[in-house]
Structures are given as C-alpha cells and as structure tokens.
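Taken together, the values in this text are just the output of simple stated rules run on the coordinates, not laboratory data. Quick caveat: nothing in here was measured; it's all calculated off a predicted structure. Please note: Cβ atoms are built from the backbone with ideal geometry, for glycine as well, and neighbour counts cover all protein chains shown.
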Amino acid sequence: MSLAEPQAQSFTKVAEFYDELMRPVPYRMWVSYYLLLLSMQEVKPKSMLDMCCGTGTMTEFMFREGFEVEGFDLSADMIQIAREKAERKRMPLRFEVADAADVDMGRTYDSVFSFFDSFNNITDKGQLQKAFESAYRHLAPGGSFIFDMNTAYAFEEKLFNQQDLSKTSKVRYRWKGDWDPETRLIHVTMKFWVGDQVFEELHIQRAYGLEETIDMLMEAGFKDIRFFHSYTLQPPREKSDRIHFSAIRPK
Ligand SMILES: C[S@@+](CC[C@H](N)C(=O)[O-])C[C@H]1O[C@@H](n2cnc3c(N)ncnc32)[C@H](O)[C@@H]1O
C-alpha cells in the first residue's frame with residue numbers, strides 16, 4: 001500500500017464487532033472532556049460534525065446532549081453499522097462515507113471533532129494537512145475544532161500489543177504492533193476470533209510530532225491552538241500517550 005492511499009482494508013471486517021470491542025472505552029467521560037474544552041474556547045455550538053465517526057458512538061452521545069450532529073467515515077462498513085444503530089434507536093442522524101482529505105458535507109458546523117486517534121490512521125502528511133483543511137472548511141467562522149492523537153511514546157510503549165483470549169469473551173483478539181521510529185509508522189496486525197470466524201486486519205498509524213501538528217493546523221488557518229495531556233488541562237508530558245488539541249477558525 002502506498003502511503004498516499006487511505007487504508008481501505010482496515011475497519012472493514014471488524015466493523016460489526018467494533019462496538020463490542022469498545023465496550024470498556026469511556027465515551028461518557030470523553031463527552032464531558034469535550035464539553036469542558038469547548039467551554040474553555042468560549043464556543044457554544046448548536047451543530048457539530050464528527051469526523052472519522054466510526055460506528056457513530058460519539059455522534060449519538062452528542063445528539064443525546066442536545067446537539068445537531070452529523071458524521072462521516074472512510075469505511076463503508078463502519079458507516080453501515082452507524083446508520084443501522086441510529087435507525088434502531090430512532091435517532092435522525094446523517095452519516096456519510098467520505099475521506100477526511102476531501103469530504104464535502106455541503107454545509108458548515110459550529111464545532112468539528114474527531115476522537116480516538118482517528119487522524120493517526122491518516123499516514124500521509126499531505127493527506128492529514130488536507131483533513132485539517134476539510135475541518136476548517138466545514139466550520140463556521142469562530143467555530144471549534146477538537147481532536148486527539150496518539151503520540152510516538154504510545155507506540156514505543158507498545159500501546160497496541162494487546163490481547164483478550166478469554167473463552168468467555170464474545171470477540172477474542174490478539175494485536176501486535178511493529179513500530180518503526182525512522183518512518184514513525186506502526187503496523188498493527190490484528191487477529192480476531194468470533195465464534196467460528198477467524199480474520200485479520202492490518203492497521204497502520206503514524207505518530208505526528210506536537211510542533212509538526214501545530215504547524216499543520218496553522219497552515220490550515222487555525223488560531224488559538226491549545227494542546228493538553230489527554231483528559232487534563234495540563235500541558236503534554238514526556239510520557240503523554242495521547243494529546244488533545246483544540247483550535248479555532250478565526251471570525
Ligand atoms: C479508531 S476508529 C475511531 C472511530 C470513532 N471516532 C470512535 O471514537 O469510535 C478510527 C476511524 O477512523 C476512520 N478513518 C481512517 N482514515 C480515515 C479517513 N482518511 N477519512 C475518514 N475516516 C477515516 C476509520 O475508518 C475508523 O472508523
């Protein structure tokens with residue numbers, strides 16, 4: 001796969017099991033943290049765009065908080081699950097299949113967000129630059145952009161070497177990451193066992209530096225760029241495994 005190609009083969013077979021795998025993920029806490037970062041920016045959004053929304057879990061949470069929210073993702077399989085869930089729960093949510101680098105939702109929003117290291121999956125820097133420009137283009141003047149990213153430290157510390165092979169688990173898995181400090185890419189082989197099914201996906205993430213990310217946000221036109229050791233209001237540390245960024249599209 002060339003670095004310039006989006007990862008069409010990841011988040012495909014795993015899509016129908018994604019929510020089960022994400023059960024331990026503290027989405028509710030993420031909602032509170034997102035609302036806190038918004039309040040620090042003094043942005044009071046009505047409308048929101050969930051970039052790289054996956055199966056739409058954050059989209060649903062923000063809808064329940066009373067916001068008008070829409071989402072998109074590169075993976076048609078993830079979007080299919082998001083749409084099915086929204087229909088089942090009778091939530092009027094719009095989900096589209098699109099690439100962050102050239103998405104056009106045909107409207108603007110008061111806030112754009114992207115959680116759970118989705119941008120690390122964009123391994124080509126030029127494509128990530130375009131994704132930041134997409135966020136900017138989809139924001140009303142004065143709007144807020146908030147997202148998180150895994151750091152190189154997380155990859156060095158083998159964040160992705162995880163397994164759950166317990167017989168009682170519905171979805172059993174073994175993930176193994178191969179980190180290359182030269183390319184700053186991690187190739188993660190993910191093997192899953194569900195009932196009689198066995199399948200694998202290859203996920204590739206890139207670690208972007210703090211300064212590098214700030215420069216790209218500025219290049220896209222963002223101002224008031226802030227960054228935090230995730231889930232705190234403190235600056236990133238040497239051992240931060242995740243960083244949250246917030247930025248404003250100037251009025
Ligand atoms: C770890 S999942 C996170 C999903 C969701 N944000 C969540 O919190 O559960 C990363 C998502 O990023 C999506 N993604 C990766 N590259 C993308 C791109 N270029 N454009 C849009 N979505 C992308 C993947 O398809 C996947 O659904």
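Quick notes on this structure:
- Using alpha carbons only, the radius of gyration of region 55-211 set against its Kirkwood radius gives Rg/Rh = 0.99.
- Choice from MET58, MET78, MET22 with maximal GNM fluctuation in the chain (Cα, 10 Å cutoff): MET22
- The chain: calculated mean residue ellipticity at 222 nm from DSSP helix runs of at least 4, using -39500 (n - 2.57): -8000 deg cm²/dmol
- Couplings for region 142-152, taken from phi via the Karplus curve 6.51 cos²θ - 1.76 cosθ + 1.60 with θ = phi - 60°, read x, x, 10, 10, 9, 7, 10, 9, 5, 9, 4 Hz in order; Gly and Pro are left as x.
- Compared with the alpha-carbon gap, the fully stretched path from SER166 to TYR231 is longer by 20.4 nm at 0.36 nm per residue.
- Cut-off 14 Å between beta-carbons: net charge of the residues surrounding PRO235, Lys and Arg +1, Asp and Glu -1: +2
- Cβ-derived FRET efficiency at R0 22 Å, GLU238 paired with ARG64, nearest 0.05: 0.05
- Cα centroids of region 22-85 and region 131-170: 13 Å apart.
- Estimated inter-spin distance, LYS46 and ARG88, nm [label 7 Å along Cα→Cβ]: 3.2 nm
- Note on the chain: antiparallel DSSP beta bridges, both residues inside, total approximately 65 percent of the bridges counted.
- Around LEU139: net Lys/Arg minus Asp/Glu count, Cβ-Cβ under 10 Å: +1
- For region 155-203, the extents of the C-alpha atoms along the principal axes are 39, 18, 8 Å, listed from largest to smallest.
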